[in-house]
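First up is the structure itself, then whatever we jot down about it.
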Amino acid sequence: MKDGMRPSLPGKLSLHVPEPEVRPGGRPDFSNVAIPKAGSVRRPEVDVDPETIRDLAFSIIRVLNREGEAVGPWAGTLTNEELMEGLRHMMLLRAFDARMLMAQRQGKTSFYMQHLGEEAVSCAFRKALQPGDMNFPTYRQAGLLIAGGYPMVQMMNQIYSNDADPLKGRQLPIMYSARDHGFFTVSGNLATQYVQAVGWAMASAIKNDTRIAAGWIGDGSTAESDFHAALVFASTYRAPVILNVVNNQWAISTFQGIARGGSGTFAARGLGFGLPSLRVDGNDYLAVHAVAKWAAERARRNIGPTLIEYVTYRVGAHSTSDDPSAYRPKEESEAWPLGDPVIRLKNHLVRIGAWSEERHSQMEAEIRDTVVAAQKEAERHGTLHSGGRPSMRDMFEGVYAEMPPHLKRQRQQAGV
Ligand SMILES: Cc1ncc(C[n+]2csc(CCOP(=O)(O)OP(=O)(O)O)c2C)c(N)n1
Ligand SMILES: [Mg+2]
């Protein structure tokens, strides 16, 4: 029987609790994910009346087809050189993830969160922004930093909470902060960054500035009231903001059907606010970039906000504290119908003659060396359990412009 249509006993109420299609031990089934042909979704003008594109909230914009060709009206926003750079960024992020996951298992840090399978989302999005624009990310958008040229060794220093940690051990590992790289401080309190993004964008407009903001949220976190409050402000004041929802199918062990509720898609959430709401193949680097560019242009031309749902799949565990085999079939990630973002971009570049298996292997080796070298350098400054760590003195600084007497006293007592 169709989801949500379960009849209740006459005269008795019953609660509808959505369930994922399959659980561990079952055969992965994504037959409910309707995937339009690559190139089949139209590309409206950026000043389109949102009322006329409501259907795009229920489709999936795709550029790369199964043969590795870039097709349709959303193709062509990047040169071959830019695509090769994009491939490199995604591979860097993947290699960085693998090393840091291992470092956590070796006790060099307490915690790590991977991007496996979702690399295209943050890496391609970053290339649609300009210097000065500000992201309000979650913990799963480190690609914004990597594609933005932020030094990887700094990210590692933060993860190790060592004496070169730019955040001085004050933040949970991976909760980076890099204002000059357009990366607002990651918060563990989910969804708070969405209202902040809209507020920052409104401030930019109030000041008649040219900079735009991007808010980021996961499928599960859209259930938070902050998400809805942010949409009200974005919609009313037409704030220059891009509202990104990364639907990676899971919120730890909770499947996306819980937060999605009855709206059909996460993109459809934007429709009630009159926002243009696009759904895009999150594993297609070209499609992500094209849609992000469309939304960035809308924001920068002061036309207003855009909501984008990235349809992707979290291949790895939620975090190093999670074991997905407890709640989903082990082979589910292999059955994900939108494939792997790195392989898809690689195949495209090979197909158009800009890349080869040989060059790919060379780049893999070069990236491995780069990441290992960065790790060695970071570890010279210490890891969680050995070597340098931030001074206790740092704990007292950077909060108040003028240190209040009680903190001065405590600092003296600590002898730092
Ligand atoms: C306000 C709040 N509620 C709950 C949590 C605990 N928590 C951390 S991550 C997470 C799942 C989030 O899932 P989703 O939004 O889909 O993002 P994803 O991890 O899949 O990228 C939860 C419930 C939290 N950190 N903050
Ligand atoms: Mg999720």
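The values are calculated or read from the model by the stated rules, or taken from the named source; none is laboratory data. Model, not experiment: these values are computed from the prediction. Cβ: placed from backbone, ideal geometry, glycine included. Neighbour counts: every protein chain shown. Just the protein is used for accessible areas: all its heavy atoms, side chains included, with ligands, DNA and RNA removed. Shrake-Rupley method; radii C 1.70, N 1.55, O 1.52, S 1.80 Å.
What to note about this one:
- In the stretch 162-181, the residues that are surrounded by 23 or more Cβ atoms within 10 Å (Cβ to Cβ) and in contact (Cβ under 8 Å) with a residue 40 or more places away in the chain: Asn162, Asp165, Pro173
- Restricting the search to helices (runs of 4 or more DSSP H) fully inside the stretch 296-386 and requiring at least 2 residues that are surrounded by fewer than 14 Cβ atoms within 10 Å (Cβ to Cβ) gives 332-335, 357-380.
Yes/no per residue for (1) within 14 Å of ligand 1 (Cβ to nearest atom); (2) in contact with a Pro (Cβ under 8 Å, 6 or more places away or on another chain):
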{"residue": "Ala239", "(1), (2)": "no, yes"}
{"residue": "Ala251", "(1), (2)": "yes, no"}
{"residue": "Phe255", "(1), (2)": "yes, yes"}
{"residue": "Ala259", "(1), (2)": "yes, no"}
{"residue": "Ser263", "(1), (2)": "no, no"}
{"residue": "Gly270", "(1), (2)": "no, yes"}
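- Checked against (1) open to solvent by less than 10 Å² (accessible area, probe 1.4 Å); (2) under 18 Å from the mean Cα position of the chain (by Cα); (3) under 27 Å from Arg298 (Cβ atoms), Gly117 passes all but a single condition, namely (3).
- Subset of the stretch 268-295 [within 26 Å of Leu345 (Cα to Cα) and assigned to a helix (DSSP H, G or I)]: Tyr285, Leu286, Ala287, Val288, His289, Ala290, Val291, Ala292, Lys293, Trp294, Ala295
- Within the stretch 159-196, the set of residues being charged (D, E, K, R) and not in a loop (DSSP other than H, G, I, E, B) comprises Arg179, Asp180.
- Counted residues, the stretch 263-285 - those being open to solvent by 10 Å² or more (accessible area, probe 1.4 Å) and within 16 Å of the chain's Cα centre (by Cα): 1
- Residue match in the stretch 199-207 (condition: farther than 30 Å from Pro337 by Cα and in a strand (DSSP E or B)): no
- Subset of the stretch 226-262 (residues that are touching a Gly at 6+ places or on another chain (Cβ under 8 Å), of a type in the set (Phe, Trp, Tyr) and away from ligand 2 (no atom under 12 Å from the Cβ)): Phe233
- Checking each residue in the stretch 202-225 for being away from ligand 2 (no atom under 16 Å from the Cβ) and under 18 Å from the mean Cα position of the chain (by Cα) picks out Ile212, Ala213, Ala214.
- Members of the stretch 209-230 that are open to solvent by less than 10 Å² (accessible area, probe 1.4 Å) and within 16 Å of ligand 1 (Cβ to nearest atom): Ala214, Gly215, Trp216, Ile217, Asp219, Thr222, Phe227, Ala230
- Condition check for Gln104: touching a Phe, Trp or Tyr at 6+ places or on another chain (Cβ under 9 Å), more than 16 Å from ligand 2 (Cβ to nearest atom), open to solvent by 10 Å² or more (accessible area, probe 1.4 Å) and not in a loop (DSSP other than H, G, I, E, B): yes
- Test: Val33 is at pLDDT below 95, surrounded by fewer than 18 Cβ atoms within 10 Å (Cβ to Cβ) and among the β-branched types (Val, Ile, Thr): yes
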